[in-house]
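The structure appears right after this line, and notes come after that.
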Amino acid sequence: MRNNKRDDVVVLNALPFADLSSLHFRALPPLSLYIHIPWCARKCPYCDFNSHEARAAVPEERYVAALVADLEQALPGVWGRRISSVFFGGGTPSLFTARAIEAILDAARARLPLAPDAEITLEANPGTVEADQFRDFAAAGVNRLSLGIQSFNPRHLTALGRIHDDHEARRAIEIARRNFDNINLDLMYGLPGQGVEEALVDIETALGFDPRHLSCYHLTLEPNTTFYRYPPALPDDDATAAMQDGIEARLAAAGYEHYETSAFAKRGKRTPITNHESRITDGACRHNLNYWTFGDYLGIGAGAHGKISFPDRITREMRVKQPERYMEAAERGAPLQEKHEVGAHAVGFEFMMNALRLNEGFPARLFEERAGLPLTAVLRGLEEAGRRGLIERDHERIAPTPLGRRFLNDLLQIFLNQKGAA
């Protein structure tokens, strides 16, 4: 999962939080850096990210300078804080040269402490890579590669508007394996005309490459996309449910932990994500895990979002979306389009919207650490979710039940404060 990559939440009735008006943090959460590269070779019909077709050569040098200016402008809000992970998302970051990626990382290191073991992810499209390019990305400091495969079936790739075919997908993975130890493969299911067995064949093919991580997304028709305006014929709910069940069972049998709604990591030793006990395998995406545990992230680049905590408040930001206007704004020192403080009445819902995506849940004490409020602020919601069989909890841990994972929107709406959503 990358910045802003989350399922829509259906809003129905909601329970109010306790009347707590201010936040207080004993220590600030971990901080990640998200860098948005907005261009792609071709806009996919299902994509609702801030991505733009590169109809000419991308203005790489100017955009890198804009990112550095953006970072400079953001420094007062994060000064001295250590960056635990970096994620280049898009768009298609692999359209940029390794030299540009290295320049961005060098600029970040010169301004903020970067953890020695920081996870540095770059998203790549199989249709935009060459062997030398992957080698150069690794030399530039990238240590995790995320490949947007989506399917190995040529018919489904055509239906999705992808620029690569199945042969290019396999070749890109082979090249990636020669240069990176840590690889994620993005796959989708519920595709136009896809049968259950075809979805499982995609999983088998992916397993043949032994990736450390797999992201398996259900195709959804998002507003402001071509698929939303001209809906293709998709498998029915029974078929997609069978795909989901089959994918989860096959990956579990292959030794992958289903640790988040759409994320599967190869089982390995457990590493702490907080100062509490962790049940997350070390194959998990550390950058996305920081989102889901309500950590902080600085987002730079066109349309990038950020969440920054201070001792007494949380702020959210969004950069100017259109690439040309973003570069102009960054050049004059004003890349922000929006910035607002998250009210105490909304923080509980925002925390739960992220943390309850984790199948193993979260340590109960994490809520106070990351939300800046006592757990009693969401007690009524927890009790209601428990009565409906959507969560299980004790004094140490809160986790969605299998029913809660299947009906995540129903679970989340319990914690949505209508006043805060207005």
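The values are calculated or read from the model by the stated rules, or taken from the named source; none is laboratory data. Because the structure is predicted, anything quoted here is derived from the model rather than measured. All Cβ positions, glycine included, derive from the backbone under ideal geometry; neighbour counts span all protein chains shown. For accessibility, only protein heavy atoms count, side chains too; no ligands or nucleic acids. Shrake-Rupley method; radii C 1.70, N 1.55, O 1.52, S 1.80 Å.
How many residues are touching a Pro at 6+ places or on another chain (Cβ under 7 Å) and farther than 17 Å from S51 by Cα if we restrict to region 221-236? Total meeting the criteria: 3.
Just wondering, is there one or more residues in region 297-317 that are farther than 28 Å from S51 by Cβ and in contact with a Gly (Cβ under 7 Å, 6 or more places away or on another chain)? No - not one qualifying residue is present in region 297-317.
For L75, are the conditions met, namely being open to solvent by 10 Å² or more (accessible area, probe 1.4 Å), within 21 Å of R316 (Cβ to Cβ) and not in a loop (DSSP other than H, G, I, E, B)? So L75 passes the test.
Taking region 50-72 on its own, how many of its residues are surrounded by 20 or more Cβ atoms within 10 Å (Cβ to Cβ) and touching a strand residue (DSSP E or B) at 6+ places or on another chain (Cβ under 8 Å)? Qualifying residue count for the region: 7. Restricting the search to helices (runs of 4 or more DSSP H) fully inside region 352-422 and requiring at least 3 residues that are open to solvent by 30 Å² or more (accessible area, probe 1.4 Å) gives 364-371, 379-387, 402-406, 418-421.
With respect to S32, is the statement that it is at pLDDT below 95, buried (at least 20 other Cβ atoms within 10 Å of the Cβ) and of a type in the set (G, A, S) true? So S32 does not fit the description; no.
Yes/no matrix, rows are residues, columns are (1) out of contact with any His (no Cβ under 6 Å at 6 or more places or on another chain); (2) more than 21 Å from C285 (Cα to Cα); (3) assigned to a helix (DSSP H, G or I); (4) open to solvent by less than 60 Å² (accessible area, probe 1.4 Å):
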| site | (1), (2), (3), (4) |
| --- | --- |
| P232 | yes, yes, no, yes |
| D238 | yes, yes, yes, no |
| A241 | yes, yes, yes, yes |
| I247 | yes, no, yes, yes |
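Residues considered: L191, L157. Of these, the only one that is crowded, with 21+ Cβ neighbours inside 10 Å, at pLDDT 95 or above and part of a loop (DSSP other than H, G, I, E, B) is L191. For the condition over 17 Å from P335 (Cβ atoms) and open to solvent by 10 Å² or more (accessible area, probe 1.4 Å), P45 qualifies.
Rundown of residues vs (1) in contact with a helix residue (DSSP H, G or I) (Cβ under 8 Å, 6 or more places away or on another chain); (2) among the polar types (S, T, N, Q); (3) assigned to a loop (DSSP other than H, G, I, E, B); (4) modelled with pLDDT of 90 or more, yes/no style:
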{"site": "R6", "(1), (2), (3), (4)": "yes, no, yes, no"}
{"site": "N13", "(1), (2), (3), (4)": "yes, yes, yes, no"}
{"site": "A18", "(1), (2), (3), (4)": "yes, no, yes, no"}
{"site": "S22", "(1), (2), (3), (4)": "yes, yes, yes, no"}
{"site": "H36", "(1), (2), (3), (4)": "no, no, no, yes"}
{"site": "N50", "(1), (2), (3), (4)": "no, yes, yes, yes"}
{"site": "Y63", "(1), (2), (3), (4)": "yes, no, no, yes"}
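So which of A100, A108 is surrounded by fewer than 21 Cβ atoms within 10 Å (Cβ to Cβ) and either touching a residue at least 12 places away in the same chain (Cβ under 8 Å) or assigned to a helix (DSSP H, G or I) (or both)? It is A100.
Taken together, the residues in region 289-326 that are among the charged types (D, E, K, R), open to solvent by 10 Å² or more (accessible area, probe 1.4 Å) and either farther than 18 Å from G343 by Cα or not in a strand (DSSP E or B) (or both) amount to 4.
Against the conditions (1) without any contact (Cβ under 8 Å) to a residue 40 or more places away in the chain; (2) closer than 24 Å to T225 by Cα, R177 satisfies every one except (2). Scanning region 165-181 for residues that are open to solvent by 10 Å² or more (accessible area, probe 1.4 Å) and either more than 20 Å from A98 (Cα to Cα) or in a helix (DSSP H, G or I) (or both) yields a count of 10. There is no residue in region 206-222 that is over 20 Å from the mean Cα position of the chain (by Cα), farther than 25 Å from F137 by Cβ, assigned to a loop (DSSP other than H, G, I, E, B) and among the hydroxyl-bearing types (S, T, Y).
Applying a threshold of 7 Å to beta carbon distances and a minimum spacing of six or more residues, or different chains, the list of pairs starting in region 113-140 at a residue that is touching a residue at least 12 places away in the same chain (Cβ under 8 Å) and in a helix (DSSP H, G or I) and ending at one that is open to solvent by 10 Å² or more (accessible area, probe 1.4 Å) and among the acidic types (D, E) reads P126/E168; G127/E168; A140/E102.
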